[in-house]
Structures are given as C-alpha cells and as structure tokens.
Amino acid sequence: MGKTVTICFANNKGGSGKSTTCANIGYVLSTMGYRVLLVDGDMQLNLSLSFFGEEEVLDMAKSEKNLYYAIRDQKDLTDYVVSTPYENLDLIPSSTLMSQIEFDLFTKWQREFILRKSLENIKASGKYDFILLDTPPTLGGWVMNILCASDYLLIRWRHRRGACSVWPICSIS
Ligand SMILES: Nc1ncnc2c1ncn2[C@@H]1O[C@H](COP(=O)(O)OP(=O)(O)O)[C@@H](O)[C@H]1O
Ligand SMILES: [Mg+2]
C-alpha cells in the first residue's frame, strides 16, 4: 500500500488555470492507472463541472453530501466521495455555500487542520495514489486548510520571457 500524495493547486489570481490544471492532471493520472481523488474546494464548482453536467453539479451542491457540510461539521470525508464517469477518478463535490466556510470555521479549535483531519481516513485507507485539491482564488483561512492538508503546492505561472507556462512544485510538508 503506497503513500497517498496530496497536491493542491493554488494562486490568489482568478482565471490563472487552477481548476483546469487540477482537472487535466487528475484525468491524465487516472488514465495512467493511478487512483485519483479530486476535491473541489471552490464555491465556483468548476472542478466538478469538468466531470459532471451542470444539473448534476447543482444537485450535489444543494444536497448535504458535499464538502461544505463535511467541513462545517468536521466529518470524515470518506462518505462524501462520488464516482465520476471515468475509471480511477473520484470526486468530493463542492457547494456555493463554501463562500461562508471561513465564518463557520472561525471559532473552531485548530481550524487550519480541519480538512487535513477529515482526509485522514481516506489517506490511511490507501485507496488513492493521488488526492488533488482545487482552491478558490484567495489566500484566507480556507485555503490555509487546503495547504495544511497538502504535501505539495502547484502554482501555475507564465514565464516573463517565454510563451509557455512553467509548473514549479514546492514541497510544503
Ligand atoms: N493552458 C491553457 N490554455 C488556454 N486556456 C486555458 C489554459 N488553461 C486554462 N485555460 C482557460 O482559462 C480559463 C480560466 O481557467 P481556470 O482553470 O478556470 O482558472 P482558475 O481556476 O484559476 O480560476 C478557463 O476558461 C480555461 O479554459
Ligand atoms: Mg477555479
């Protein structure tokens, strides 16, 4: 049973390719035979929309089986995983209510580590090779939760002198 590697995609600039990169890397890893869990940490639901239709995404966002309720109630995330139509690729869906998660966490003890604790059982199960976390374009308490739950942070940026994007991965563990 190998170690689950957890990578988040963060940048406080919106439209910088976080969700697209997270979805594409997740999909490619799954086609290579790796077992991948995607976590949609953004209230804009774009990661979920990469793999499900709008109606399904909105239904998941309106249900109680999404990241918002799991984090607010400090639940084990195992029960919040849904299968995507693709082999080896699962998702924990988000909700537009994620916009208020920082208010909900504000009074909680060790609030930066709530997501990390919620993912503990999934990581310990060895069910996934990779957990990929998409983030909103902010650097507040919720993104801090995502950083604290991650082994690596991937920041996408465009090199000043070239037309290509460069993908540095910094270890933050
Ligand atoms: N490599 C790329 N080339 C062209 N367009 C891209 C590329 N990566 C992302 N995009 C487009 O840029 C827009 C913003 O990307 P997105 O991943 O939603 O950004 P973020 O999650 O950082 O807000 C989307 O319309 C997406 O399709
Ligand atoms: Mg996004």
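Values in this text are rule-based calculations from the coordinates and carry no lab data. Values in this document were obtained by computation on a predicted structure and should not be read as measured data. As a convention, Cβ positions derive from the backbone with ideal geometry for all residues, glycine included, and neighbour counts pool all protein chains shown.
Quick notes on this one:
- In the stretch 1-103, chymotrypsin sites (Phe, Trp or Tyr not before Pro) in a DSSP loop with at most 11 other beta-carbon atoms within 10 Å: none
- Using a Förster distance of 45 Å, the FRET efficiency for LYS65-TYR152 (Cβ separation, nearest 0.05): 0.95
- One chain, two ends: TRP109 and ASN24. Fully extended at 0.36 nm per residue, the span grows by 27.1 nm beyond their Cα-Cα distance.
- Whole-Hz couplings from phi, Karplus 6.51/-1.76/1.60, listed for the stretch 53-58; x for Gly and Pro: x, 4, 5, 5, 5, 5
- Helix-derived mean residue ellipticity, 222 nm - over the chain, DSSP H n ≥ 4, -39500 (n - 2.57), to 500: -9000 deg cm²/dmol
- Amide H partners (placed H, <5 Å) of ILE131, local residues excluded: VAL5, THR6, ILE7, LEU37
- A dipole drawn for the chain from +1 and -1 charges on Cβ atoms has a positive end, and of ASN88, PHE9, LEU58 the residue lying farthest that way is PHE9.
- Highest GNM mean-square fluctuation among PRO136, PRO93, PRO85, for the chain modelled with Cα contacts below 10 Å: PRO85.
- Placing a label point 7 Å from the Cα of TYR34 along the Cα-to-Cβ direction, the residues of the stretch 93-129 whose backbone N falls under 14 Å from that point are 128-129.
- Square roots of 5 times each gyration tensor eigenvalue, C-alpha, the chain, largest first, Å: 22, 19, 17
- Amide proton proximity set for TRP157, modelled H, under 5 Å, gap of 5+: VAL166
- Segment LEU58-TYR86, extension gain: residue separation times 0.36 nm, minus the distance between their alpha carbons: 8.1 nm
- Whole-Hz couplings from phi, Karplus 6.51/-1.76/1.60, listed for the stretch 117-129; x for Gly and Pro: 5, 5, 8, 3, 5, 5, 5, 5, 5, x, 5, 10, 7
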